[in-house]
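Data block below; observations after.
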Amino acid sequence: MKSWVIFMEQFLAHSANSQGKEQSLLYHLEAVAALTQKFTKPLGAPHLGYRAGLWHDLGKFHPEFQAYLRGKAGRRGPNHSSAGALLASKYFEPLAFVIAGHHGGLPDRAELKTRLKDKVQLERYNTALQNARRAIPSLEPEQPLDRELPPFLQGGAGTDVASRVELFLRLLFSSLVDADFLDTERHFEPSLTKLRQEGASIATLWSLLAADQQRLMAKSGGHVNQIRREIYDHCCRAAGLSPGFFSLTVPTGGGKTRSGMAFALLHALCYQKARIIVAIPYTSIIEQTADVYRNIFGNANVLEHHSAVAPPPDPENPTPGELRARLASENWDATLIVTTTVQLFESLFADSSSSCRKLHNLANSVIILDEVQTLPVHLLEPILDVLQQLVQFYGVTVILCSATQPALEAGPLFRGLQGIREIIPDVQKYFSLLKRVGYQVPTGNEKWSWEQVAEAMRQSCQAMAVVNTKQDALALLKALDDPEAFHLSTLLCGAHRRKVLQEVRRRLGNGQPCRLVTTQVVEAGVDLDFSLVLRAVGPLDRIVQAAGRCNREGKLQEGRVIIFNPKEGHLPPGSYKTGTEIAAALLASTTGVDLHDPGLYRIYFQRLYQSCTLDARGVQASRRSLNYPEVAQKFQMIEQRVVPVIVHYHEGPDDRKVDELMSALRHRGISRQIMRQLQPYLVNINAYTVNSLQKEGLIQEISPGLYEWLGGYDEIHGLVTQARDPEELVF
């Protein structure tokens, strides 16, 4: 017995930590197996999870890997995942994907088969497995593991089962990756493990929201707040309905941010859901929403996870709270997460370990999809398929929030979502009660020049015009010829856009003159309140979102929204152009249209989805063939490939923050910390323009894939594109 213990202890999983303590391989395998088993219980596959954890590092039983850990061989250890993958393929072949990819990412099926049949490596794998069998008598199960599959994967064949297997393996992979990371962290950085702690409970968050709502209602009167109270109460009453899909159709200004959260928390309490995940389409509104939640729940109880999250004030010395937030963002081990739809869905179709690590924590959660009408049409089929599976098989409830609710229900000609229930009992009533604007619709072939649009803006002290492209925004700015006018588009970096929005809000609040020319960056959810809004004809939901920035607080008897056809206007391609054509046809209808009727948007979206390819890149076919790298490559929510450029934007004469960051970047090299701090100063340019811009001396590469803008940057126009079409240059 003593000799067996000595034999076991000689195998290491990890080299010595800062305390000089090594980690035994058996200890690591058992710890990861137990954690993976825990994480896969909500997936209905705890026994498969246990085997994945037990087998993931079997390659470390090879003498060469042990020599590497003891510093006797090379700077990089030999492959240690394939031995376990080989064993997994004997008992349940799909499990091999999970184990083989736990460091390098989920592989392609063909590549995995080639790797496991490599005759040169097979001897190495078998040597490791022989040692593993001696060390762990119960290493191999007595029967094939396919009996341990959850019921929805047992039996049957076809495309449905294939896509179910694909998602199941990704969630199983996520569980293993997180368990492995956590146990490795516990060995090397136990101080970080201690910082990982359970956040506030769902019950605590509900108590905080209920108390805050009571305070708000006690001091808020008026017609609009009475309606918001009714909508909130409807959400509370509906929260006891059984889990599944819900739509929350609330007109702009109806308080859906609070009401949706009330439903989510009470529903989570009723059905023991683990967390709330709020996914928002634009970083321009995610900060606004996160601030609302922080004011209710406190900073420590809101995890904000997206590319534009502000870095800590002192990144070199983060507080324990800041460290906890960073750690929780790695695996979404928090009760309330606010993220972007890009972060959520690109992770759900990712192949890398870092992107997938968080996914197992989606099981048994409530997901709020805000502004759901913005889901990309060209990827709608794979998105809806994954959402359906999360609800049907993994205990997820999904809330679809919008003032312009899209037609996502399954039908004879549309493979949509099954069993969507509307939370608000009389949607039309609240659209009528919160009717705050009158629409002026173009008649016949009426088209406006930019000068006509500019003249309409001059007639109002506070006016906003929303156009379809950056090129159109610059043309209208020129026609307006107002040195006091503001401009918002992706030609401006994030820090610049935030400053513009702050000044616009200040002027609106003080009743000062304020004219804003903007692209669609301002439409969905941005909290602005103009007396006049002009909107170029575009997709119907975008028109109504723009109208939501008019008379938002109901201070006027009626705000004005002018829809116009620009003579010299341009349109983005793809579904945006298709949606604009459908909207133009509806607006030109001889019977007239009621833009306050929520049923109109159902008709619009039905026509849009019938007119577009909903899986334009063939993501579903790659999913069914278990080609994970190809799925990740195809599923890009931003259709064009972009590269970031750093612009030298200064918020004031003494602001040198971006210059200091550039200096640190040049001296210390790229790091995640510096990139997070630089995020507000980035503008994304289309990748195909990089070579020509370099030749013209307008950009220079300072790190692989990261560039510095050497051209002009203007306080109003942002990145100055000279003779170039801004649509071709900037995404």
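Which whole number in µm²/s is D for the stretch 584-731 by Stokes-Einstein, with the Kirkwood Rh taken over Cα pairs at 10 °C and 1.306 mPa s?
Stokes-Einstein gives a translational diffusion coefficient of 82 µm²/s.
Suppose every Lys and Arg Cβ carries +1 and every Asp and Glu Cβ carries -1, with no other charges. What dipole size does the chain come out with about its Cα centre, to the nearest 20 debye?
That gives the chain a dipole magnitude of about 1260 debye.
For M217, M261, what ranking results if the residue with the fewest other Cβ atoms within 10 Å of its Cβ goes first?
Ranking M217, M261 by Cβ neighbours within 10 Å, fewest first, gives M217, M261.
Would you work out the relative contact order for the chain, in percent, from Cα pairs under 8 angstrom that are 6 or more residues apart?
13 percent.
Which entry is the computed Cα Rg over 2.2 N^0.38 Å for this structure: (i) 1.49; (ii) 1.03; (iii) 1.18?
Evaluating Cα Rg over 2.2 N^0.38 Å on these atoms matches (ii).
Restricting to Cα pairs below 8 Å that are 6+ residues apart, what does the relative contact order work out to for the stretch 436-595? Please round to a whole percent.
It comes to 34 percent, rounded to a whole number.
Per-residue ellipticity at 222 nm for the chain, helices alone: DSSP H runs ≥ 4 residues times -39500 (n - 2.57), over residue total, nearest 500 deg cm²/dmol?
After summing the helix terms and dividing by residue count, I get -14000 deg cm²/dmol.
Where does the charge balance sit around I670 when Lys and Arg score +1, Asp and Glu -1, over other residues with C-beta under 14 Å from its C-beta?
+2
Please give the Cα centre distance for the stretch 694-729 versus the stretch 47-62, rounded to the nearest Å.
Between the Cα centre of the stretch 694-729 and that of the stretch 47-62, the gap is 49 Å.
Enumerate the calculated ³J(HN,Hα) couplings along the stretch 425-440 in order (Karplus 6.51 cos²θ - 1.76 cosθ + 1.60, θ = phi - 60°), each rounded to whole Hz, writing x wherever the residue is Gly or Pro.
So the Karplus estimates, Gly and Pro as x, are x, 9, 4, 4, 4, 6, 5, 6, 5, 9, 5, 10, 9, x, 9, 10 Hz.
What is the magnitude of the charge dipole of the stretch 2-195 about its Cα centre, with +1 placed on the Cβ of each Lys and Arg, -1 on the Cβ of each Asp and Glu, and no other charges, expressed in debye to the nearest 20?
Dipole magnitude for the stretch 2-195 comes out near 420 debye.
E558 to V292: extension gain in nm, 0.36 nm per residue of separation minus the Cα-Cα distance?
Working it through step by step, the gained length comes to 93.0 nm.
Please determine, in degrees from 0 to 90 and to the nearest 10, the orientation of helix 119-135 with respect to the longest principal axis defined by the Cα atoms of the chain, where the helix direction is its Cα long axis.
Approximately 70 degrees, to the nearest ten.
Roughly how many debye, to the nearest 20, is the charge dipole of the stretch 640-729 about its Cα centre, given +1 on each Lys and Arg Cβ, -1 on each Asp and Glu Cβ, and no other charges?
That gives a dipole near 520 debye.
Quickly work out the E409-to-D481 label distance, labels modelled 7 Å from Cα along the C-beta direction, and quote it in nm with one decimal.
That separation, rounded to one decimal, is 5.4 nm.
Under 1.5 on a/c is rounded, so check that first for the stretch 202-432, then, if it is not, pick prolate when a/b is larger than b/c and oblate when it is not; a ≥ b ≥ c are the square roots of the alpha carbon gyration tensor eigenvalues.
Verdict is oblate for the stretch 202-432.
How large is ³J(HN,Hα) for each residue in the stretch 197-205, as worked out from phi by the Karplus curve 6.51 cos²θ - 1.76 cosθ + 1.60 (θ = phi - 60°), to whole Hz, x for Gly and Pro?
9, 5, x, 4, 6, 4, 4, 5, 4
Using r as the Cβ-Cβ distance of Q502 and Q130, and R0 as 56 Å, what FRET efficiency do you calculate, to the nearest 0.05?
After rounding to 0.05, the efficiency reads 0.25.
By DSSP, what percent of the beta bridges with both residues in the chain are antiparallel, rounded to the nearest 5?
Of all bridge pairs located within the chain, approximately 25 percent are antiparallel.
Mean separation of Cα pairs under 8 Å and 6+ residues apart, divided by the residue count of the stretch 416-525: what relative contact order is that in percent?
Over the stretch 416-525, the number comes to 30 percent.
Grab the other residues whose beta carbon is less than 11 angstrom from that of D615, score K and R as +1, D and E as -1, and report the net.
Charge balance in the 11 Å sphere: +2.
Considering the dipole of the chain built from charges on the beta carbon (Lys and Arg +1, Asp and Glu -1) around the Cα centre, which of G548, P566, A274 is farthest to its positive end?
A274
Using amide H atoms built in the peptide plane, which far-off residues or other-chain residues are under 5 Å from A45 H to H?
Sorted by chain and number, the residues that satisfy this come to none at all.
Arranged by the count of other C-beta atoms within 10 angstrom, fewest first, what order do L387, L710, L265 take?
So the ranking, lowest neighbour count to highest, is L710, L387, L265.
Along the positive direction of the dipole of the stretch 143-254 (beta-carbon charges: Lys, Arg +1; Asp, Glu -1; about the Cα centre), which of T252, L169, F181 reaches farthest?
With unit charges placed on the Cβ atoms, the residue in question is T252.
Which lysines, on any chain, are close to K117 with Cα under 24 Å apart, when same-chain ones fewer than 8 places away are left out?
Filter leaves K60, K90.
When the label point is put 7 Å from the Cα of E451 along its Cα-to-beta-carbon vector, which residues of the stretch 564-601 have a backbone N closer than 17 Å?
Label zone hits: 566-569.
Calculate one ³J(HN,Hα) per residue across the stretch 492-506 by plugging θ = phi - 60° into the Karplus curve 6.51 cos²θ - 1.76 cosθ + 1.60, and present them in order as whole Hz with x for glycine and proline.
Result, rounded to whole Hz: 9, 6, x, 5, 5, 4, 4, 5, 4, 4, 4, 5, 4, 4, 4.
What residues have an amide H closer than 5 Å to that of V338, excluding those fewer than 5 places away on the same chain, when H is modeled at 1.01 Å from N in the peptide plane?
It is V278, L303, E304, H305, by chain and number.
Take R237 and T613, extend 7 Å from each Cα along the Cα→Cβ direction, and tell me the distance between the two endpoints in nm.
Distance between the two pseudo-spin positions: 4.7 nm.
Between K577 and H47, how many nm apart are label points set 7 Å from Cα along the C-beta direction?
Calculated label separation equals 5.6 nm.
Calculate, for Q19 and R672, the FRET efficiency according to 1/(1 + (r/R0)^6) with r their C-beta to C-beta distance and R0 25 Å; round to the nearest 0.05.
For Q19 and R672, the calculated efficiency is 0.45.
Between T193 and R147, what is the FRET efficiency for a Förster distance of 25 Å, r being their Cβ-Cβ separation, to the nearest 0.05?
Efficiency, from the Cβ-Cβ distance: 0.10.
Can you grab the distance from the C-alpha centre of the stretch 377-405 to the C-alpha centre of the stretch 216-264, Å, no decimals?
Between the Cα centres of the stretch 377-405 and the stretch 216-264 lies a distance of 21 Å.
Out of Q143, N225, S242, whose Cα points farthest toward the positive end of the dipole of the stretch 103-248 (charges: +1 Lys, Arg; -1 Asp, Glu; placed on Cβ)?
Positive-end residue among those listed: N225.
By the gyration tensor of its Cα atoms, with a ≥ b ≥ c the square roots of the eigenvalues, what is the shape of the stretch 2-195: rounded for a/c under 1.5, prolate for a/b over b/c, or oblate?
Verdict is prolate for the stretch 2-195.
Going by amide H atoms built from the backbone, whose H comes under 5 Å of the H on L417, apart from near neighbours?
Result for L417 returns E409, A410.
Quick check on my link table: of K256/K555; K447/K577; K72/K113, which ones sit more than 28 Å apart, alpha carbon to alpha carbon?
Violating the 28 Å limit, Cα to Cα: K72/K113.
Summing +1 for each Lys or Arg and -1 for each Asp or Glu, what net charge is found among the other residues whose Cβ lies under 11 Å from the Cβ of G104?
Net charge around G104: -1.
Laboratory data are not the source of any read-out in this text; all were calculated from the coordinates shown. Treat the numbers as computed from the prediction; the structure is a model and nothing was measured. Virtual Cβ from ideal backbone geometry, glycine too; neighbours counted across all protein chains shown.
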